[in-house]
Amino acid sequence: MRVNHSRADQRTLSPRLSTAMALHCILLAIPGLALANSERIERPMPAIVRDVAKTLGFDEGDLTAVWDGEIVSRSLDTRSDKELAIGVMMRLSEKHPDFYERARTGQFFEIDQTILQAREISKTSTGPAAFIQLRLEASELRKLGRASPNEDFNLTERESKQLRRANRSGEPAVLEAYRGLLAERLREYRANGIDGIASYARGRHPEARPAEDLRHAIASLGGLAERCPSFYGSFAGFPRKRDPAVAHRFFWAVQQVRGRPTVTLSHWALQLHEEFAIIGQRQFYVSHGYDALQIVVGAFAIGNDESLVFYVNRTYTDQVTGFGSSIARIVGNKMMEREVVHLFREIRRSATTEDRTR
């Protein structure tokens, strides 16, 4: 399925922050996003292109289009009725180490106007002090102070009780309690990885289980284990499995989602190899809007100073389950595809402008 290049509403898709962050780290300052037909280098398609494409679920027609310089996108197979999954692949006139540098220097926070705040969490930060700069609107703090187990917020029963108790002392106390809640979730994830992610209470409905969702997401990358064993092992087995070739970073962010601020906690795994550069982002806590998200973006060297870039987004949300869920997933995937292409255009425009000013 080729990408529909129509513009999508920038405020409608919950994981837009993550898409922008992941794509910006690759594409900022790349003047030509995809190879124009007039710039094509006629040479055989390297085996790596077919290997990666097969792993991601692209077909032969997609391969031909990618090799001709097109951006190709498709919906991917899912293992859950609450999963939205898309893959994007393209050929770039850019070396893969440049991809890694964009991520390493943190430039991926600059492109998306829905980001209200974003900070990296240092390796030594373990308590609420790591979130001292986090701010929320008074209206959002009032909602948090009245939170009960439902889909308005992703909280455990105990967390919602803590916030309601803090609400007796006013909004500053709610914010302080929420920072403590985030610190505890960060601490549990750093100590236990996916196994440390607490489920979300849903009142009389079944609880949401982001840990289970993210296990499905990491299992879907099994095809990359042979090509990128250090990355796959470290990302899948964090924190038990560590490899010095893979860097781990943590971020908190606040983004605007459907007119409301959404707080996310993210784990990033990054590796630069002589043959590839790869980044994985796992959102192990999301305050509302969706339950969990995983993005993996990679660039493989294919010769002639070119790279094959791939992007995979798996987002988990209760909003596509139940009656009509198959239709909802299709619509959701289409929205994400349009958002990715829109971001490509914005990044290309930004990169071209930057290139002219050098």
Scanning region 139-165 for residues that are among the hydroxyl-bearing types (Ser, Thr, Tyr) and modelled with pLDDT of 95 or more, the one nearest to the chain's Cα centre (by Cα) turns out to be 156
Region 113-125, subset in a loop (DSSP other than H, G, I, E, B) and surrounded by 15 or more Cβ atoms within 10 Å (Cβ to Cβ), residue modelled with the lowest pLDDT: 114
When you scan region 48-77, how many residues do you find that are surrounded by fewer than 17 Cβ atoms within 10 Å (Cβ to Cβ), in contact with a helix residue (DSSP H, G or I) (Cβ under 9 Å, 6 or more places away or on another chain) and in contact (Cβ under 8 Å) with a residue 40 or more places away in the chain? 2
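Quick check on this structure: which one of 108, 131 is at pLDDT 95 or above, surrounded by 22 or more Cβ atoms within 10 Å (Cβ to Cβ) and under 25 Å from residue 260 (Cα atoms)? Before you say what the answer is, go through the steps one by one.
Values: 108 fails: at pLDDT 95 or above.
The match here is 131.
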Between 237, 233, 180, which is at pLDDT 95 or above, touching a helix residue (DSSP H, G or I) at 6+ places or on another chain (Cβ under 6 Å) and small (Gly, Ala, Ser)? 180
Among 187, 168, which is farther than 17 Å from residue 288 by Cβ and under 27 Å from the mean Cα position of the chain (by Cα)? 187
Would you please name the residue that is surrounded by the fewest Cβ atoms within 10 Å (Cβ to Cβ), looking only at residues in region 164-212 that are without any contact (Cβ under 8 Å) to a residue 60 or more places away in the chain, under 28 Å from residue 239 (Cβ atoms) and touching a Gly at 6+ places or on another chain (Cβ under 7 Å)? 188
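So which residues in region 280-321 are part of a strand (DSSP E or B) and under 17 Å from residue 252 (Cα atoms), if there are any at all?
Going residue by residue through region 280-321, those that are part of a strand (DSSP E or B) are 280-286, 292-303, 306-316.
Scanning region 280-321 gives 280, 281, 282, 283, 284, 285, 286, 292, 293, 294, 295.
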For residues in region 213-230 being in a loop (DSSP other than H, G, I, E, B) and either in contact (Cβ under 8 Å) with a residue 60 or more places away in the chain or touching a helix residue (DSSP H, G or I) at 6+ places or on another chain (Cβ under 6 Å) (or both), which is surrounded by the fewest Cβ atoms within 10 Å (Cβ to Cβ)? 225
If you check residue 136 against the conditions, is it touching a residue at least 24 places away in the same chain (Cβ under 8 Å), outside any helix (DSSP H, G or I) and hydrophobic (A, V, I, L, M, F, W, C)? yes
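The values are calculated or read from the model by the stated rules, or taken from the named source; none is laboratory data. Here the structure is a predicted model, which means the values were calculated and not measured. Positions of Cβ are backbone-derived with ideal geometry, glycine not excepted, and every protein chain shown enters the neighbour counts.
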